[in-house]
Amino acid sequence: MKQVIIVGGVAGGATTAAQLRRINPDINITIYEKGRDISFGNCGLPYNIGGEVSDRDKLIAATPESMAERDIAVKTNHEVLRVDSDAKKVIVKDLAEEREFEAEFDYLILSPGGAPRTVPALLDVPQAFVLHNLEDLDDIQAHIKAQDVNKAVVIGAGYIGLELIENFAARGMDVTFIHRDDEIYRPLEDDMGGFFVEEMEKHGVRVKLDTEIVEVDGDVATLNDGSQIDAPLIVAGIGIVPRTDFLEGSGVALNDRGFICTDAYGKTSVDCIFALGDAIETFYQHVDSKTSVALAWGAHRMAYVISNQIDGNSSVRFEGLLGTNIIRFFDYDIATLGLKQSEVAEYDHFIVDHKQRNKAGYMDGSVPIRARIYVRKDDGRILRAAVVGTEGVDKRIDMLATHIRLGGTAPDLVNIEVAYSPPYSSPKSVLNMLGYKTIEKMKKVKD
């Protein structure tokens, strides 16, 4: 009987195991997970802090016991230290028993995820945390309760950082935001994000840009400008790095940033080894370019692809991704898709920007929504899009993602037929208007 070993759980590894078991009841599956928990809704972690996820246990998607009911063996607190591709075995450390052993595989699936970046000044600071998994959440909640904490310092402005700011504020805590740059949310264009500071200050959050913590003494943090702030709780959300050090000498190819190189079938440079999740380099769907995107959709889709590959169905392949994403920040929704801003510069393009009301302008309660697309000059393809507003952003970004995936271009946006009624849209939606503006700009480009 074939033996499949999976390194890591959560969205990538645990989903692949479940998919593979559904289509193949006669294969041995073992998951080795370095952490305590095998599968949980890590995107929901900040919302338990703020109270929107009132029951912490609802974040648990699967346990070793529930996996065992599907005949999937799960070994938590087990770290894979090395991979021997030639011998088709892994060297595993049982962290609880402090012992190492070998395990053989026919197929190996890598889903190691990423490790949170560190802030040197916070090393060995007892009230400093990251929020990367369920254990981190439990530690933060326990610290707040034990120390009766009512002040929080958040470092960084990625997904986790912004979500923590909102949720600590929702909890009624006194929040200070520290960011070493003056550009707050890098996935969004600077000139579209003027509301970030305004929203934070409106909700009582102190904002300190171009600032870093250089020292923590007790509950007091000293900043690089010489000022000091109360810091009984510090949470850093400054991104992740791929957890791929254990692959050194394995023959599995990594790119120059340490991400695992994969193809359209989830295969690595070693035939019997597959990879998915936050630690892989994959590719865009709409342009011929590589990318690394730490988002759940790609992991779930690749889980289905890999499980079918191992089962022998080579017709299932990954078509690439758009990196479609959205985040809520207090009253605003911010969504982007496609190339990163730095990547768009590699293509000859022009920008189309449009702002109008999310529904008929004469309706009470209508609010502005702004959309921007980057259009390739030679064929009208949409390279990137960003949408911002307080209502209806998800609808627009999802329509754009679907339009692009089905081969639609920017001029084609004029033909998108929306469900129109004054409470929902305008006869010519914001996406239609982007299409009309594109047509006019393309005339000028050709002239």
What does the helix-only formula give at 222 nm for the chain: each DSSP H stretch with n ≥ 4 adding -39500 (n - 2.57), the total divided by the residues, and the result rounded to the nearest 500 deg cm²/dmol? -7500 deg cm²/dmol
Heavy-atom accessible area of K428, protein chains in place, probe 1.4 angstrom, given in Å² to nearest 10, is 110
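What number comes out for the charge environment of R257, summing +1 per Lys or Arg and -1 per Asp or Glu over other residues with Cβ under 12 Å away?
-1
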Solvent exposure of the chain as accessible area per residue, Å², 1.4 Å probe: 46
Sorted list, accessible surface of protein heavy atoms, 1.4 Å probe, largest first, for M442, M363 is M363, M442
In angstroms, what radius of gyration and Dmax does region 240-376 have, counting Cα atoms only? 19.0, 65
Taking 0.36 nm per residue of sequence separation and subtracting the Cα-Cα distance, how much length would be gained by fully extending the chain between N28 and K202, in nm to one decimal? 57.2 nm
For region 133-250, what number results from the quotient of the Cα radius of gyration and 2.2 N^0.38 Å? 1.16
Set of lysines near K355 by C-alpha distance (under 16 Å), chain-local residues within fewer than 8 positions excluded: K395, K428, K437
On the accessible surface of the chain, probed at 1.4 Å with all protein chains in place, carbon and sulfur together account for a percent value of 45
Answer check: region 105-193, Cα atoms, Kirkwood Rh, Rg/Rh ratio of 1.05
Quick one: how many Å² of T30 are accessible to a 1.4 Å probe, rounded to 10? 20
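Given the convex hull over the Cα atoms of region 1-120, what projected area results after averaging over all orientations, in nm²? Walk me through the numbers on the way to the answer.
On the way: hull surface 37.5 nm².
Over all viewing directions, region 1-120 projects a mean Cα-hull area of 9.4 nm².
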Whether the chain is rounded, prolate or oblate, judged on the alpha carbon gyration tensor where a/c under 1.5 counts as rounded: oblate
Rounded to the nearest 0.05, FRET efficiency between A115 and M363 (Cβ-Cβ, R0 56 Å) equals 0.70
Would you kindly state how much longer the chain becomes between R257 and N415 on full extension, computed as 0.36 nm times their sequence separation minus their alpha carbon distance, in nm to one decimal? 52.8 nm
For the chain, the charge dipole (Cβ of Lys, Arg +1; Cβ of Asp, Glu -1; about the Cα centre) points to a positive end, and the Cα of Y159, Q19, V387 closest to that extreme belongs to V387
Length gained when the stretch Y424-D139 is fully extended (0.36 nm per residue, less Cα-Cα span): 98.3 nm
Calculated log₁₀ intensity ratio I(q)/I(0) where the Debye formula runs over C-alpha points of region 318-447, q = 0.14, 0.15, 0.17 Å⁻¹: -0.60, -0.68, -0.87
Among region 19-49, those whose backbone N falls under 13 Å of a label point 7 Å along Cα→Cβ from I60 are 36-41
How much of the DSSP beta bridge set in the chain is antiparallel, as a percent to the nearest 5? 65
Cβ-placed point charges (K, R +1; D, E -1), dipole of the chain about Cα centre in debye, nearest 20: 1820
Considering only DSSP states other than H, G, I, E and B, which GluC sites (Glu not before Pro) in region 348-442 qualify as loop sites with at most 12 other Cβ atoms within 10 Å? E417
Identify all lysines with a Cα-Cα distance to K2 below 24 Å; exclude those on the same chain that are fewer than 8 residues away in sequence. K34, K75, K88, K89, K93, K267
Farthest towards the positive end of the dipole of the chain, among S307, S54, P423 and with Cβ unit charges of +1 on Lys and Arg and -1 on Asp and Glu, lies the Cα of P423
Using alpha carbons only, how many angstrom separate the centre of region 192-225 from the centre of region 69-98? 42
15 Å tail of the calculated P(r), region 206-279, as % of Cα pairs: 66
Toy charge model, Lys and Arg Cβ at +1, Asp and Glu Cβ at -1: region 228-297 dipole around Cα centroid in debye, rounded to 20, equals 80
Distance-filtered residues of region 294-312 - backbone nitrogen under 20 Å, label point 7 angstrom along D71 Cα→Cβ: 307-312
Solvent-accessible ranking of V214, V235, largest area first, probe 1.4 Å: V214, V235
Spin-label model distance (nm) - L81 vs D288, 7 Å beyond Cα toward Cβ: 4.5
Exposure ranking of D311, D94 by accessible area [1.4 Å probe, largest first]: D311, D94
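The values are calculated or read from the model by the stated rules, or taken from the named source; none is laboratory data. Note that the structure is a prediction, hence the values are computed from the model and not measured. Here the Cβ is made from the backbone with ideal geometry for all residues, glycine too, and neighbour counts use every protein chain on show. Just so you know, the surface numbers come from the protein's heavy atoms only, side chains and all, with ligands and any DNA or RNA stripped out. Shrake-Rupley method; radii C 1.70, N 1.55, O 1.52, S 1.80 Å.
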